[in-house]
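Data block below; observations after.
The values are calculated or read from the model by the stated rules, or taken from the named source; none is laboratory data. Values in this document were obtained by computation on a predicted structure and should not be read as measured data. Please note: Cβ atoms are built from the backbone with ideal geometry, for glycine as well, and neighbour counts cover all protein chains shown. Remember, those area values only see protein heavy atoms, side chains included, never the ligands or the DNA or RNA. Shrake-Rupley method; radii C 1.70, N 1.55, O 1.52, S 1.80 Å.
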Amino acid sequence: MTVRSAFSLPLVSSVDENLELARLGEELGYDDVWLADTATIDVFVLAALVASATSRVRIGTAVVPVFTRPPALLAAAAASVSQVAGPDRFILGLGSSSPAIVEDWCGIPFERPVTRVRETVEALRAMFAEPKVSYSGTTTRVKNFRLGVPPAGEVPLWIGAQRPVMAGVAGEFADGVACNFIPASAVPTFKETVAVGAARATKTAPLPLVVRLQTIVTDDRASALETLRAMMGPYLATPTYNSFLASCGYEAEAAKIKAGWDNRDRAGLAAGVTDELISDLAIVGDEVECREKVARFVESGVDIPMIHPVVRSKAEAAAMLEALRPR
């Protein structure tokens, strides 16, 4: 499978500055830009704008929570972006997200996430393929839906996964897989789990894997480690990431992070996010070190290493994209 170069957006709060970074990334030769969906610029608005501002780079979402938009809205949004982007330029990546985002931010019960993801993908496949769709699942129901905005071509459906059950569902039902905060050492086992799911659907070709890599290109390693420690700690305390971290061989670190979070002990939480853990999960160091670390992820089986510069400004983001530009 051909390795694709990729970067992540949004990186700053300004829509215009993110579009400038998208154009820069395309000029530098990156193949993909993947858009996160959190409490920032709307993912589909940004996807459509990036599609308009660029001509070649492929655009994907990694990932849109299945709880916050029903299949009908997802289908309409994805098809609309597809029309703007043109054939073969847009991927709809979906995932369960987390209780913090789904329940705390959106007030929606975070129930049966694996089933919700699978049923959403099944419903969307029908919506993109059939003139009128009714679908009745355990968590998802659609009646007499007609998609009034045809996509420009096929809209591939990818699934974000961490733990084995979701990885297997991704293998069986998705066209590709997205992952976050995975060490290179765990990638082969993760891909084997995806392959087991793919075999259930009699898929013969391996599914592509994109991994978001938190990145700081710098000579000030100590400062970068502290920045990443503060950013990664709350993520790794969430149940999904915490249990995934433990399953990857970091049981002691996961336990410390969880205890620190549960006890509101910031020092304890930070102690669990060790320098070694950060180095295993993220890309940090000078340009040579960062390129070597990205290469290790590729050697482990990552098909699309997605650079996510951890920055405070567009200028910092641009400098990191330039430093790690494809060769």
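Per the conditions (1) surrounded by fewer than 19 Cβ atoms within 10 Å (Cβ to Cβ); (2) without any contact (Cβ under 8 Å) to a residue 60 or more places away in the chain; (3) assigned to a helix (DSSP H, G or I), the sole criterion not satisfied by residue 197 is (1).
Among residues of segment 41-66 being farther than 30 Å from residue 113 by Cβ and small (Gly, Ala, Ser), the one that is least open to solvent (accessible area, probe 1.4 Å) is 53. Exactly one residue out of 295, 318, 246 is free of Cβ contacts under 8 Å to residues at least 60 places away in the same chain, open to solvent by less than 50 Å² (accessible area, probe 1.4 Å), more than 30 Å from residue 110 (Cα to Cα) and within 23 Å of the chain's Cα centre (by Cα), and it is 295. Within segment 152-179, residues that are open to solvent by 10 Å² or more (accessible area, probe 1.4 Å) sit with their Cβ atoms under 8 Å from residues that are part of a helix (DSSP H, G or I) and among the charged types (D, E, K, R), at 6+ positions apart or across chains, in these pairs: 169/118; 172/200; 173/118; 173/122. The lone criterion from (1) surrounded by fewer than 16 Cβ atoms within 10 Å (Cβ to Cβ); (2) farther than 20 Å from residue 212 by Cβ left unmet by residue 38 is number (2).
Listed by first and then second residue, the pairs linking a residue in segment 253-271 that is under 11 Å from residue 237 (Cα atoms) to a residue that is open to solvent by 90 Å² or more (accessible area, probe 1.4 Å), with Cβ atoms under 8 Å apart and 6 or more places separating them unless they lie on different chains, are 260/266; 269/256; 269/261. Close Cβ contacts (under 7 Å, 6 or more residues apart or on different chains) running from residues in segment 205-224 that are without any contact (Cβ under 8 Å) to a residue 24 or more places away in the chain to residues that are among the aliphatic types (A, V, I, L, M) and surrounded by 15 or more Cβ atoms within 10 Å (Cβ to Cβ) are absent. Of the residues making up segment 180-190, those that are open to solvent by less than 20 Å² (accessible area, probe 1.4 Å) and under 14 Å from residue 206 (Cα atoms) are 187, 190. Of all residues in segment 167-176, none are in a strand (DSSP E or B) and among the aromatic types (Phe, Trp, Tyr). Note on segment 1-34: residues that are open to solvent by 10 Å² or more (accessible area, probe 1.4 Å), closer than 21 Å to residue 210 by Cβ and among the polar types (S, T, N, Q) amount to 2. Please pick out the residue among 149, 133, 121 that is over 20 Å from residue 65 (Cβ atoms) and touching a residue at least 40 places away in the same chain (Cβ under 8 Å). Exactly one of 149, 133, 121 is over 20 Å from residue 65 (Cβ atoms) and touching a residue at least 40 places away in the same chain (Cβ under 8 Å), namely 149.
Looking only at residues in segment 71-93 that are in a loop (DSSP other than H, G, I, E, B) and touching a strand residue (DSSP E or B) at 6+ places or on another chain (Cβ under 8 Å), the one that is least open to solvent (accessible area, probe 1.4 Å) is 89. Test residue 318 against the stated conditions and say whether it is in a helix (DSSP H, G or I) and more than 27 Å from residue 29 (Cβ to Cβ). For residue 318, the condition - in a helix (DSSP H, G or I) and more than 27 Å from residue 29 (Cβ to Cβ) - is not met. Can you find a residue in segment 250-258 that is assigned to a loop (DSSP other than H, G, I, E, B), within 24 Å of the chain's Cα centre (by Cα) and loosely packed, with under 15 Cβ neighbours inside 10 Å? Checking segment 250-258: not a single residue is assigned to a loop (DSSP other than H, G, I, E, B), within 24 Å of the chain's Cα centre (by Cα) and loosely packed, with under 15 Cβ neighbours inside 10 Å.
Pairs linking a residue in segment 96-116 that is open to solvent by 70 Å² or more (accessible area, probe 1.4 Å) to a residue that is β-branched (Val, Ile, Thr) and part of a helix (DSSP H, G or I), with Cβ atoms under 9 Å and 6 or more positions apart or on different chains, are 109/102. Residues of segment 7-14 include at least one that is under 30 Å from residue 107 (Cβ atoms), in contact (Cβ under 8 Å) with a residue 40 or more places away in the chain and either among the charged types (D, E, K, R) or in contact with a His (Cβ under 7 Å, 6 or more places away or on another chain) (or both).
Return the residue satisfying two criteria in turn: it lies in segment 259-291 and is in a helix (DSSP H, G or I) and of a type in the set (Val, Ile, Thr), and of such residues it is nearest to the chain's Cα centre (by Cα). Here the answer is 278.
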